[in-house]
Amino acid sequence: MKSESNQLQAFVAGDAFESLLRGRSWPATDEVLHRLDQLGLSVLVQRQRCAIPTPPTLLDIDWIRSQLTTSIELQYDFVVESTNRLALAHGGVKPAVYLAEFQAQGRGRSGRQWISPFGANLMLSFVRQLNLGVTDLAGLSLAIGSRLVGCLRSKGVKGLTLKWPNDLLVDGHKTAGILIEIDVVSPAKVCVVVGIGLNVEACPEPGDIGQTASKLRMATELSRSELAAIVINELSEALADFEDQGLEPILKSWSQVDGFIGQSVRVVQNEESVFGKNLGIDERGNLLLQTADGLRAFSVGDVSLRANAGATS
Ligand code: ATP
């Protein structure tokens, strides 16, 4: 018996989906409607036939490949379980990027889910090896996030900030998540996977994720393919720079990207909240919070930062 994601992969490789993507209608069987629902696509049903009212514009992989500034393998799929999982299996001896139009099991930190409909957003994982030990990787997600914010701002994306440790926000709402996973190759070499889920055309409803999300389309006219090329090139440079210089260059510019600097915030850890003023980060990327009990530092671990809505300062 095929797994659900194998069945979904078979569906997106079949005639029904090809026709629907071309804007044609197809018999509205339970199976077809179920698969389109799983892919998060809205469907129009009329006289027992269905259609996708606005079929997504797929990523232009050949064009993206032509824009890459260094030699990177690029693998593109319609449906995968998770791009991070594929990238981890690759091992990163040569840098590679996995891109997908849909993840059947998109993941965030601590096994949380990443939700994104087929063909609307960007989901990619960059894998390469770094000549660093595991302890040298403290702050890598901050370095990546900070570089992406800087780079996208330089391309005209408006209202973009970073929420420590790993979220990109547009107008204060979550637009992208970064999930870093590592495999130890030797004491001085790691395989690093940087997974990015970036909302471009669509974002989930607050009722589905417990927070208000946003999308880049509110902030830029760049296409998904343009954004993919920009993000891949920046990740490539950011990882090389991190291998050479660590977090040092990021520390100087942190206050320009941190969307909550100097603000009253709440840090949620093990379902408990700690309130304080966000003073930025220390040299290892720990969050510094001025609390009523003094200065506290929080490591990246499983900690979430929230605006302290009720605060006056
Ligand atoms: P938090 O967002 O609470 O700070 P986190 O940084 O640990 O948590 P991630 O690992 O980046 O979270 O992403 C998983 C979380 O993001 C989910 O629990 C859900 O709340 C939210 N989420 C899932 N899909 C999306 C999406 N497409 N856009 C914005 N947020 C999403």
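Tabulated results
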read-out: Helical mean residue ellipticity (222 nm; -39500 (n - 2.57) per DSSP H run of 4+; nearest 500) of the chain; value: -8500 deg cm²/dmol
read-out: Relative packing of peptides 92-100, 237-245 - highest average C-beta neighbours within 10 Å first; value: 92-100, 237-245
read-out: Semi-axis lengths (Å, descending) of the ellipsoid that matches the C-alpha gyration tensor of the chain; value: 35, 23, 18
read-out: Cα convex hull of segment 1-103, projected area averaged across orientations, nm²; value: 7.7 nm²
read-out: In Å, descending, principal axis extents of the Cα set of segment 4-51; value: 29, 17, 16
read-out: Potential extension, residue 43-residue 70 segment - 0.36 nm per residue separation minus Cα distance; value: 5.7 nm
read-out: Bridge type composition, the chain - antiparallel percent by DSSP, nearest 5; value: 85 percent
read-out: Length-normalised contact order of the chain in % [C-alpha pairs under 8 Å, at least 6 apart]; value: 14 percent
read-out: ³J(HN,Hα) computed for each position of segment 192-208 - Karplus, 6.51 cos²θ - 1.76 cosθ + 1.60, integer Hz, glycine/proline x; value: 10, 10, 10, x, 10, x, 10, 6, 10, 9, 8, 9, x, 6, x, x, 8
read-out: Per-selection Rg to Rh, segment 75-188 - Cα, Kirkwood hydrodynamic radius; value: 0.96
read-out: Whole-number percent relative contact order across segment 1-140, with pairs defined as alpha carbons under 8 Å at least 6 apart; value: 20 percent
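None of the figures in this text is laboratory data; all of them are computed from the coordinates on show. The structure displayed is predicted, hence computed values, not measured ones. Cβ sites come from the backbone with ideal geometry, for glycine too, and all protein chains shown count toward neighbours.
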